[in-house]
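The values are calculated or read from the model by the stated rules, or taken from the named source; none is laboratory data. In this text the structure is predicted, and so the values were computed from the model without any measurement. Methodologically, a virtual Cβ is constructed for each residue, glycine included, from the backbone with ideal geometry; neighbour enumeration extends over all protein chains shown. Accessible surface areas use protein heavy atoms only, side chains included; no ligands, DNA or RNA. Shrake-Rupley method; radii C 1.70, N 1.55, O 1.52, S 1.80 Å.
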Amino acid sequence: MDFNLSKAHLDLQAKAKAFTEEVLFPHELECEQNDGISTTTHQHITQAVLDWGFNAPNHSKEDGGQGFSIFEQTLLNEQLGMATGAIWDALWYPSYPMRFASPEQKAEYLIPTCQGKRRDAYAITEADAGSDPSQCVTRADKVAGGWRINGEKWFVTIGDIADYILVHAHVDGDREKSAVFFVDKNLPGVEVKRTPLYTHHFAFKHPEFTFTDVIVGEDKMLGAVGDGYKMTKDWFVEARLGIAARCVGAAIRATDEANRFAAERMQFGQKIRDFQAIEFMLADMAVEIMAAKTMLYRLSWEIDQTSDRIRKHARAAALKLYCSEMVGRVCDRAVQILGGRGYMREQPVERLWRDTRVDRIWEGTSEIQRVIIAGQIKKRGLDMYTGW
Ligand SMILES: Cc1cc2nc3c(=O)[nH]c(=O)nc-3n(C[C@H](O)[C@H](O)[C@H](O)COP(=O)(O)OP(=O)(O)OC[C@H]3O[C@@H](n4cnc5c(N)ncnc54)[C@H](O)[C@@H]3O)c2cc1C
């Protein structure tokens, strides 16, 4: 058994690190101070993404993406996660379910999105449908030549810069008939209701949208009636792995910053790293990252080898849970090691600590990951998690 990364993987890792440090890091403070990045900065990063060959890593070359395996995406995402303010979101991953689009839908939406000419957002969550999306009340009703959509969506990430939204709705208001629709943002009846402020200073916004008698053509349904949840579930695997990888990257950067600070900061006539209290925190941080990273690499590799959707979904839940909780513990200690400086927004550790809080909430809260894991243990036995 050989756990070493291949030369190609090491090269990708080094390139992703250089991209993050050279292209993303210079804009972190702009994002922090302005609660987002300017259009000029966004255009600059978009061009850099294309120049570096990192656009749409998750879609096939045929569709205009990079055709990265899950393992390759993990190597890239780990490095991206070191950037604060979610500037990594300027590197676009067109929503996974679009690979099931028709050739015409690919030509109109997926291919230009992979090429950086269009941008999608994905809207499932509603006021009363969060962890339980079956409570969605956004509905689609058949009308002559198409569909009429009515409803409201919350937390639509990058809804400010996207030009179309993949809207999860129930046909005839029936939760057994879930479906996903391409909805262009400039259609009559699509409105931004409000754009709340959040804990993090994210490169882009998460507005709430209302859809009032929005008419879309018959050809705007992605997949078939009843496919909505299936497509969303597949997407969760990719999204949860992405979060896990970014959490590992964020934890590494926070630990690196804390380690450097501890080696220089003098108090009581000695470097603070020589206080056992500080050394032990660094030791715990390093071990936690090591465990998470081992799990991340192993699972990313495994997911590339298997077509067992249940296993992928079950394992991705465990990985997302562990890595997102790990980064919270690690960043909290990093803030502690920097003392008062750790509480300054100008410090990467403070921003990483704040930014990564959402990783225990979005794409399924920690409680929901535990519900999935516990359910799998009940149905299939502990082996799903321990038998390997
Ligand atoms: C910054 C941000 C960006 C987001 N971006 C998007 C996006 O682009 N598109 C999108 O569709 N959504 C998005 N979301 C929504 C996100 O996925 C939801 O917030 C998340 O799924 C939780 O739903 P909720 O907020 O309604 O919480 P609720 O479901 O109301 O949960 C509240 C609490 O109850 C707990 N809980 C709920 N059910 C159970 C259970 N069965 N067992 C134990 N505990 C339970 C939860 O864990 C949580 O602690 C985003 C959210 C945020 C904060």
*Which one is most open to solvent (accessible area, probe 1.4 Å) among residues in the stretch 160-207 that are part of a strand (DSSP E or B) and closer than 22 Å to residue 31 by Cβ?*
194
*Which pairs have Cβ atoms under 9 Å, sit 6 or more apart or on different chains, and link a residue in the stretch 253-273 that is on the phi < 0 side of the Ramachandran plot and in the same structural domain as residue 289 (by TED's automatic domain parsing) to one that is open to solvent by 80 Å² or more (accessible area, probe 1.4 Å) and of a type in the set (Lys, Arg)?*
261/341; 262/271; 263/271; 264/271; 265/271; 265/341
*Hey, any hits in the stretch 328-349 for a residue that's within 16 Å of the ligand (Cβ to nearest atom) and either polar (S, T, N, Q) or over 17 Å from residue 245 (Cβ atoms) (or both)?*
no
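Collect the residues in the stretch 356-372 that are assigned to a helix (DSSP H, G or I) and either open to solvent by 90 Å² or more (accessible area, probe 1.4 Å) or more than 7 Å from the ligand (Cβ to nearest atom) (or both), keeping them in residue-number order.
Step one: filter the stretch 356-372 for residues assigned to a helix (DSSP H, G or I), giving 356-360, 366-372.
Within the stretch 356-372, 356, 357, 359, 360, 367, 369, 370, 371, 372 meet the criteria.
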*Working only within the stretch 115-130, note down all residues that are in contact with a Gly (Cβ under 7 Å, 6 or more places away or on another chain) and open to solvent by 30 Å² or more (accessible area, probe 1.4 Å).*
115
*Any hit, the stretch 142-152, residues being away from the ligand (no atom under 15 Å from the Cβ), β-branched (Val, Ile, Thr), surrounded by fewer than 16 Cβ atoms within 10 Å (Cβ to Cβ) and in contact (Cβ under 8 Å) with a residue 24 or more places away in the chain*: yes
_Just the residues that are farther than 22 Å from residue 14 by Cα, under 21 Å from the mean Cα position of the chain (by Cα) and surrounded by 15 or more Cβ atoms within 10 Å (Cβ to Cβ), please, taken from the stretch 30-59._
31, 32, 36, 37, 41, 42
